[in-house]
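Structure record follows, encoded as structure tokens.
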Amino acid sequence: MTDPVARLKVDGIVKAFPGIKALDGVSFTVRPGEVHGLLGENGAGKSTMLNILSGVFAANAGRIIIDGTDASLVGPKSARAAGIAMIHQELQLIPALSVAQNIFLGRPMRRAGGLLVDRAAQERRAEEILSALDPTIDPKAKVSELKVAQQQIVEIARALLDDARIIAMDEPTSSLTPSEFDNLAVLIAALAAQGKSIIYVSHKMDEVFRVCDRATVLRDGRFVATVTLAETSEAQIIARMVGRDVVAEGHVSHATDVVAMTVSGLGDHRLIRDADFALHRGEVLGIAGLVGSGRTELLRLVAGIDRANAGTVTVGSATGPFRTPREAIHAGIGLVPEERKKDGIVRARSVASNIALPCMGKFTTFGLIRRKDLHREATALMEQMHLRPPQVDRAIGQFSGGNQQKAIIGRWLAADVDILLFDEPTRGIDIGAKSEIYDLIEQLAAAGKAIVVVSSEMTEIMRVSDRVLVMREGRIAGALTGPEITEGRIAALAIPQSKGGASAAAVRGHT
Amino acid sequence: MTDHTTPDRAAGRRSLLPAAFNLRDAGTLFGLILIFVIFGILSPVFMTTPNLLNILQQSSINACIALGMTFVIISGGIDLSVGPAAALSAVAGAALMVAGIPLPLALLAALGTGMLCGLFNGVLIAYAGLQPFIVTLGGLSLYRALALIFTGGNPIFGIPAEFRSFINGDLAGVPVPVLIVAAIAVILWVVLNRSPLGEYILAIGGNPEAARIAGVPVARTKIIVYMLSGGLAAVAAMILMGRLGAADPTMGNLWELDAIAAAAIGGASLMGGKGSVVGTLLGAVILGSLRNGLTLMNVQAFYQLLATGIIIIVAMLIDRATRGKG
């Protein structure tokens, strides 16, 4: 375990919460100038590890050694003093304040004998730091005016101001576009070249392989291995994370010719224009496209969450566009939203209550809910879907992302909708639970449901879809079926065209 | 990777949610018992049956308002207009009674007035998208002004004797107002815990956007909640009117604050999504017995106010300390 060139040495860290050991003797080292991945499924202990490194939690046992000295991390300030900076998944900036104010938040430069904040000096210093990271960011601009990628850079600037030697990033690309990720990757490489150590937590294997030098895999709070990425494969790492081999299965189509829904000329006069497509029973229709191409927006229009200003949605005898989700649900459309916490679950309520929300009437007699019937049906549904733990009376907020997702899907099965819209169905879900969700989507299609899946992950789109619509700048740029569904053809349709002639060449180049 | 602890197993160390709610109510009950024990030791009169009934009687008006407030708070809102809505209902009902309209009709009209105030609040909140605090703050002035304008600022006397004797009567020794509020509480408990409306209210307060996407009729539910609050304000107004024998347009000053206090002591979260009928009743009785006990001991009114403030803050601190950290 001795590593002479360790910048950070995590040695036998134990962290127990009442009833569970979140970390059980985890040890690894990070070298100066290294980008070190921290990998594992949800619940593997990555977040707990980061929380210990940033001083939020105190470890029950074990040591953190930074550049050879024992760092006792108690509270976020001590971690900062020890040279560790955290870039959280949900950025911790104050939108109404300027870039410079955010960078100097909690450590202002002062003037007038310490009475006043020296804004001018802060802005000059912020500009110096930012010039090396992203010169397009104006220190005087309000953070709310920046893109997420730029906000992230502001956080990195804050870490550099503190002279952090170790920068830990928790899922830094969760809301970045591919090109923004490219920029971040370059920036991370530059920071590493300056001798900073980066700890990089991510679910996305391709990112980890691109950005990281080595990676430590955790499973169930235990250290599994530290691997050098150049010497391993994605499959090997996933097997270590999950503890077994995950086999990708082939795609079976259950599509029929029976039309379940027809969308015609649908638009919102903001982004979405002239959306035309038909969805069939038993079909899984993938919707691909770049971030901002309007995939989520289209789903929300169909589901009645946002108001459409043009076009029609026809489901059986019901004709929309539906003005509320309730109307769409009555027509037989249910949406499994991308942001589960914000749009999906009511945290404090039980799984059963969350399932029953759209179809209360089904469980109600004379104005009273038949709790036993609800409990029985919710339990049966969740047993089918392997809810873990299988307790539908427990608050949904206490379940992992994958299990919450099962409950949201179960909600639409209980409501017996014919059309299920999935927006990024496996975002924030363990690799193990992912294939369960894929299997479920296939089972639903086999049972005759009509399904739409929006996804940013190519592999996901290609795995589940019978047919793929590709969106570009608010329009459906094209449809691909069966063997046409390739990464290249999807990309060719998804990328915005600058000139007609040039793009035709680009499409040919890709296919 | 959005959860901060290991969710699957973390769930194992917590109790079931319904049990947690009961636990919170048990805490409120413990607080009430503590107050009873202290005053029981300090004052020989406190623990006598007449005084205990007296406490319930004195708490009934606040409890009535606070039950409506609890529903509003659970839905993620607030209703500051309950006092003036009560006053407007009282003067409307009293004017009809004095004009010789049959008593049941006059009472229905009073109830309708309160619900109309709630409808006005609810429509502005649900459809115009205004903030509940501001809308009901406006209502607070508006309904008070209407009551004052309608009466010229003078109380309406001449409430029928039959109504007064009904409200001041008792059944097997239990005062009628206590019975009325108890019946309302039973109904509301069933609504909150056993009806779709209750699920909708809890869902809207817990996560309005998720509730909407799940098909909850958000606007309708909000309007019903504010109408319930206005209607219960009218009921409270009828009780007070029966006891005083007059409808005063200045009735109900600061009722909203007592009601919010009772709901909060009982475990309602002003963030929405959380609250309990039993807890609110206990909260109202805690406030009532505190005032009663301090009065028995001849403590100045100023100190009663001090004690009320301390109780509210202590209750919130205990609430905070016993709730699991997010």
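The values are calculated or read from the model by the stated rules, or taken from the named source; none is laboratory data. Note that the structure is a prediction, hence the values are computed from the model and not measured. Neighbour counts are summed over all protein chains in view; Cβ atoms, including those assigned to glycine, are modelled from backbone coordinates with ideal geometry. What goes into the accessible areas is simple: the full protein's heavy atoms, side chains included, and nothing from ligands, DNA or RNA. Shrake-Rupley method; radii C 1.70, N 1.55, O 1.52, S 1.80 Å.
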Below 8 Å, C-alpha to C-alpha, sequence gap of six or more: please give me the relative contact order for chain A in percent.
14 percent
Charged-residue dipole, Cβ positions (Lys, Arg, Asp, Glu), chain A about Cα centre, Debye nearest 20:
1380 debye
Cα centroid distance between segment B:78-128 and segment A:34-54, in Å?
58 Å
Rounded to the nearest 20 Debye, what is the dipole magnitude of chain B about its Cα centre when Lys and Arg each give +1 and Asp and Glu each give -1 at the C-beta?
540 debye
Within straight-line cross-link reach of A:Lys196, lysines at Cα separation under 16 Å, skipping those fewer than 8 residues along the same chain
A:Lys9
Which aspartates and glutamates does A:Lys77 reach when only Cα atoms under 20 Å apart count, and residues fewer than 8 places away in its own chain are ignored?
A:Asp67, A:Glu90, A:Glu155, A:Asp162, A:Asp163, A:Asp170
Between rounded, prolate and oblate, where does the protein assembly as shown land on the alpha carbon gyration tensor, with a ≥ b ≥ c its root eigenvalues, rounded for a/c under 1.5, else prolate if a/b exceeds b/c?
prolate
Give the aspartates and glutamates reachable from A:Lys147 as a straight Cα distance under 12 Å; neighbours fewer than 8 places away on the same chain don't count.
A:Glu180
Could you work out how far the C-alpha centroid of segment A:333-361 sits from that of segment A:387-434, in angstrom?
9 Å
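So how do A:282-288, B:194-200, A:368-374 stack up, highest first, on mean other-Cβ count within 10 Å? Can you show the working numbers first?
On the way: A:282-288: 25.7, B:194-200: 21.0, A:368-374: 15.9.
Descending mean neighbour count gives A:282-288, B:194-200, A:368-374.
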Could you tell me which chymotrypsin sites (Phe, Trp or Tyr not before Pro) in segment A:259-368 are loop residues by DSSP with no more than 10 other beta carbons within 10 angstrom of their beta carbon?
A:Phe366
Using a 1.4 Å probe and counting only protein heavy atoms, arrange B:Met238, A:Met462 so the residue with the most accessible area comes first.
A:Met462, B:Met238
Take every residue in peptide B:217-229, count the Cβ atoms of other chains within 10 Å of its Cβ, and give the average of those counts.
1
Shielding of A:337-346 by partners, i.e. mean partner chain Cβ atoms within 10 Å per residue?
5
Hey, with R₀ at 60 Å, roughly what FRET efficiency would B:Val190 and A:Asp70 work out to, going by the Cβ-Cβ distance, to 0.05?
0.50
Can you bin segment B:178-326 into rounded, prolate or oblate? Criterion: square roots of the alpha carbon gyration tensor eigenvalues sorted a ≥ b ≥ c, rounded for a/c under 1.5, prolate for a/b above b/c, oblate for the rest.
oblate
Which peptide among A:197-207, B:301-311, A:260-270 comes first, and what is the full order, when sorted by highest mean count of other Cβ atoms within 10 Å?
A:197-207, A:260-270, B:301-311
Just name one of B:Gly309, A:Val470, B:Leu53: the one whose Cα is farthest towards the positive end of the charge dipole of the protein assembly as shown (beta-carbon charges, Lys/Arg +1, Asp/Glu -1).
B:Leu53
As I understand it, the value is the acute angle between the Cα axis of helix A:148-161 and the longest principal axis of the Cα atoms of chain A; what does it come to in degrees, rounded to 10?
20 degrees
A:Arg222-A:Leu97 pseudo-label distance in nm [points 7 Å out on the Cα-to-Cβ vector]:
4.4 nm
Quantify how strongly other chains surround peptide A:427-436 by giving the mean number of their Cβ atoms within 10 Å of each of its Cβ atoms.
1
Using the Kyte-Doolittle scale, which helices in chain B average at least 0.5 and also have C-alpha atoms spread 20 Å or more along the helix axis, with helices defined as whole DSSP H runs?
B:17-42, B:49-74, B:82-98, B:103-126, B:132-151, B:176-194, B:218-244, B:277-296, B:301-322
Highest mean first, what order results for B:177-184, B:103-110 on Cβ atoms within 10 Å?
B:177-184, B:103-110
Relative contact order in percent for segment B:27-147 (Cα pairs under 8 Å, 6+ apart) equals 28 percent
So if each residue of separation counts as 0.36 nm, and I subtract the Cα-Cα distance between A:Asp118 and A:Phe17, what length gain in nm does that give?
32.0 nm
A:Asp439 versus B:Leu317, label points 7 Å from Cα toward the beta carbon: distance in nm?
5.3 nm
In terms of the alpha carbon gyration tensor, root eigenvalues a ≥ b ≥ c, rounded if a/c is under 1.5 and otherwise prolate when a/b exceeds b/c or oblate, segment B:51-322 is oblate
With each pseudo-label sitting 7 Å past Cα toward Cβ, what's the A:Ala190-B:Thr49 distance in nm, one decimal?
8.5 nm
